[in-house]
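Structure first, commentary second.
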Amino acid sequence: MLKVEDVHQDNGTEWYEQAEGGKDCYLLALETYGKCIYWVDGERNILERGDVLIIPAHTPYYGKSVPTLTHTKTVVDFTVSTEDAEALPLLRHGRPYKRRLGRYESVHERIRVLREQWNDQPSYYELMAQSILTELLIDISREFDRGLIQTEKQRHVEHMKRYIERNYREKITKEVLAEVIDRTPNYAASLFKEVTGRTISECVHRQRMKRAVYMLEESRLNAAEIAEFLGYKDASYFYRMFKKITGGSPSALLKERRT
């Protein structure tokens with residue numbers, strides 16, 4: 001059985017942590033911004049955005065921020081039964097594990113919800129935290145089983161993701177992204193799904209909703225104006241996508257803005 005012991009966020013330019021004899025639990029760290037350094041059992045690991053690090057229990061380590069560089073990461077401390085550890089090769093091999101995640105967005109979203117559950121402590125939050133952690137470890141374990149994603153594939157997907165981040169207001173199709181990486185449309189679509197775990201369309205909508213949340217909180221535009229700005233001709237469709245992705249409604253954020 002998995003059990004979450006603690007979930008917290010580290011950030012800043014002066015972070016430092018040391019566990020000379022290791023902890024009695026596993027540590028999972030997901031770097032979400034900037035970079036930091038972990039020395040684990042004498043080995044140096046540089047974590048950058050998209051990197052995950054898992055440190056087994058009782059493994060000595062210390063971590064520190066990179067001077068003058070701000071970083072943000074979420075850390076989950078957890079224990080695991082021998083039976084569950086045997087079921088996941090990632091945990092069974094008993095060694096520190098670090099890699100750049102192919103499905104970073106999916107893992108990042110899950111760990112964000114996990115942190116919210118742990119901090120807010122709604123009903124059954126411990127059970128929910130255990131469930132989310134299990135999903136996280138399964139996702140990471142699948143990448144562990146597959147081995148490293150080919151560098152060329154990862155590079156192509158990064159190019160497509162950057163294009164989406166810059167042009168999310170426009171209509172982005174597999175044909176458009178195929179031109180970005182100079183490949184066929186079907187290859188671009190299947191590669192994007194293979195590496196990120198999401199379709200091109202899902203990624204575009206999520207990028208738009210990130211901007212929508214900011215605009216609903218900080219701008220003076222109403223929901224219909226924001227929908228049009230983001231490329232949605234149908235405001236009701238924007239409302240549905242917002243609810244599906246964020247779990248809330250634009251109206252709720254607008255009410256908070258006015259207070």
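Computed from the coordinates by the stated procedures, all read-outs in this text should not be read as laboratory data. Here the structure is a predicted model, which means the values were calculated and not measured. A quick note on method: Cβ atoms are made from the backbone with ideal geometry, for glycine too, and the neighbour counts reach across all protein chains shown.
The table below gives the values:
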item	result
Cα centroid separation - the range 108-170 against the range 222-253, whole Å	23
Folded to 0 to 90 degrees: helix 185-196 orientation relative to the chain principal axis, Cα	40
Structure-derived Rg and Dmax of the Cα atoms in Å: which label, when the choices are (i) 18.0, 56; (ii) 20.0, 58; (iii) 30.4, 128	(ii)
Viscosity 1.002 mPa s, temperature 20 °C, Stokes-Einstein D of the range 202-258 from Kirkwood C-alpha radius, µm²/s	195
Stokes-Einstein translational diffusion, the range 74-121 - Kirkwood Rh over all Cα pairs, 0.890 mPa s, 25 °C, in µm²/s	192
The range 2-146: mean projected area of Cα convex hull, nm²	8.1
Full-stretch length increase - I46, E194 - with 0.36 nm per residue and alpha-carbon distance subtracted	50.7 nm
Angle between the chain longest axis and helix 235-246 axis [Cα atoms, degrees, rounded to 10]	0
Derived scalar couplings ³J(HN,Hα) [the range 76-85; Karplus, 6.51 cos²θ - 1.76 cosθ + 1.60; whole Hz; x for Gly, Pro]	10, 9, 8, 10, 8, 6, 4, 4, 5, 5
Proximal charge balance of N45 [Cβ under 11 Å; K/R count +1, D/E count -1]	-1
Order of M215, M160, M1 - criterion: other Cβ atoms within 10 Å of each residue's Cβ, fewest first	M1, M215, M160
Partner aspartates and glutamates for K3 [C-alpha distance under 17 Å; skip if fewer than 8 residues away on the same chain]	D24, D77, E83, D84, E86, E116, E126, E135
Fully extended contour minus Cα-Cα distance, from R100 to K255, at 0.36 nm per residue	51.9 nm
Tensor-based shape of the range 151-197 (alpha-carbon gyration tensor, a/c under 1.5 rounded, otherwise prolate or oblate)	prolate
For the chain, calculated [θ]222 nm from helices alone, where every DSSP H run of n ≥ 4 adds -39500 (n - 2.57)	-16000 deg cm²/dmol
Helix 125-146 vs. the chain, principal-axis angle (Cα, 0 to 90°, nearest 10)	90
Which of F78, F242, F144 has the fewest Cβ neighbours within 10 Å, and the rest in rising order	F144, F78, F242
Rounded, prolate or oblate (a/c below 1.5 giving rounded, otherwise prolate when a/b exceeds b/c) for the range 93-191 by Cα gyration tensor	oblate
